[in-house]
Amino acid sequence: AQSVTQLDSHVSVSEGTPVLLRCNYSSSYSPSLFWYVQHPNKGLQLLLKYTSAATLVKGINGFEAEFKKSETSFHLTKPSAHMSDAAEYFCVVNPSSNDYKLSFGAGTTVTVRA
Amino acid sequence: GAGVSQSPSNKVTEKGKDVELRCDPISGHTALYWYRQSLGQGLEFLIYFQGNSAPDKSGLPSDRFSAERTGGSVSTLTIQRTQQEDSAVYLCASSLVTGVSGVTQYFGPGTRLLVL
């Protein structure tokens, strides 16, 4: 079984400051992990994914995430927030091969202050 | 290229009525998924289609929910005798392959269903 916990339901940052969105997972296998972003009234867009290659994963729009097996974490960061980063972010786990059912975290809403 | 499209974008219906939600996957994608996003439950898996294989319906919440995929492309999710608790955003996704670790699912914009 696997589950995903996003530790913050809401994060508020000032424009130009770093963003940190925390995610912990539990899995019986070596999982694949994803971060998706959802802007208001839009579908989910893939930011980045980890699939057992490099533990530091770079994604779109300056986001990156680091897979830490010892901490069962996959935190998402961005060095400098932009107003357009205001959205909801989902950490998602896909257990190892042959499992297509994505398991979603509860989501973190990011607010960016001018 | 074109992404996953869904229609309608919004649907308001009365309790007890049937609704049909449509999904057009990315051309060439063999796998298609339906998810539901609701306030109380978050995002949850509903059903999965892969090629001509029997669909995985294990996520459907009740027998009022059904889905089909015609010609290996377009899919329709049908909810019969809608209830207020069916109000949610229904998301469709597709992927090029499946059974491979880390396959990326591409999501459509969703259909926002409101049952009055």
(Q) Leaving out ligands and nucleic acids, and using a 1.4 Å probe, what accessible area per residue does the protein assembly as shown come to in Å²? (A) 47
Q. log₁₀ I(q)/I(0) of segment A:2-113 at q = 0.15 Å⁻¹, via Debye over equal Cα point scatterers, no solvent, to two decimals?
A. -0.58
Q. How high is the relative contact order of chain B, in percent, counting Cα pairs under 8 Å that sit 6 or more residues apart?
A. 38
Q: With the Cα gyration tensor of the protein assembly as shown in hand, give its eigenvalues times 5 under a square root as the equivalent ellipsoid semi-axes, listed largest first in whole angstrom.
A: 30, 21, 16
Q | Debye, to nearest 20: dipole size of chain A, +1 on Lys, Arg Cβ, -1 on Asp, Glu Cβ | A | 120
**Q.** Partner chain coverage, peptide B:104-113 - average Cβ within 10 angstrom
**A.** 4
Q | Cα lying deepest toward the dipole's positive end in chain B, options B:114, B:60, B:80, charges on Cβ | A | B:114
Q.
If I take every Cα pair under 8 Å that is 6 or more residues apart in segment A:2-113, average their sequence separation and divide by the length, what percent do I get for the relative contact order?
A. 38
Q) If you place +1 on the Cβ of every Lys and Arg, -1 on the Cβ of every Asp and Glu, and leave all else neutral, what size is the dipole of the protein assembly as shown about its Cα centre, to the nearest 20 Debye? A) 80
Q.
At 7 Å along Cα-to-Cβ for each site, give me the label-to-label distance between residue A:61 and residue B:80 in nm.
A. 4.1
Q) To the nearest 100 Å², how much accessible surface do chains B and A hide from each other in total, with a 1.4 Å probe? A) 1700
Q: Sequence neighbours fewer than 8 away in the same chain don't count; with that in mind, list the lysines whose C-alpha is under 23 Å from residue A:78.
A: A:42, A:49, A:58, A:68, A:69
Q | Sulfur and carbon atoms: percent of accessible area, the protein assembly as shown [1.4 Å] | A | 49
Q: Report the charge-dipole magnitude of chain B in Debye, nearest 20, computed about the Cα centre from +1 at each Lys and Arg Cβ and -1 at each Asp and Glu Cβ.
A: 120
Q: Would you tell me the mean number of C-beta atoms belonging to other protein chains that fall within 10 Å of each C-beta in A:29-41, as a whole number?
A: 2
**Q.** Convex hull of Cα atoms in chain B, direction-averaged projection (nm²)
**A.** 7.0
Q) Hey, got the average number of other protein chain Cβ atoms within 10 angstrom for residues in A:44-52? A) 3
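The values are calculated or read from the model by the stated rules, or taken from the named source; none is laboratory data. Please read all numbers here as calculations on a predicted model, not as lab measurements. Virtual Cβ from ideal backbone geometry, glycine too; neighbours counted across all protein chains shown. Side chains included, ligands, DNA and RNA excluded: accessible areas come from the protein's heavy atoms. Shrake-Rupley method; radii C 1.70, N 1.55, O 1.52, S 1.80 Å.
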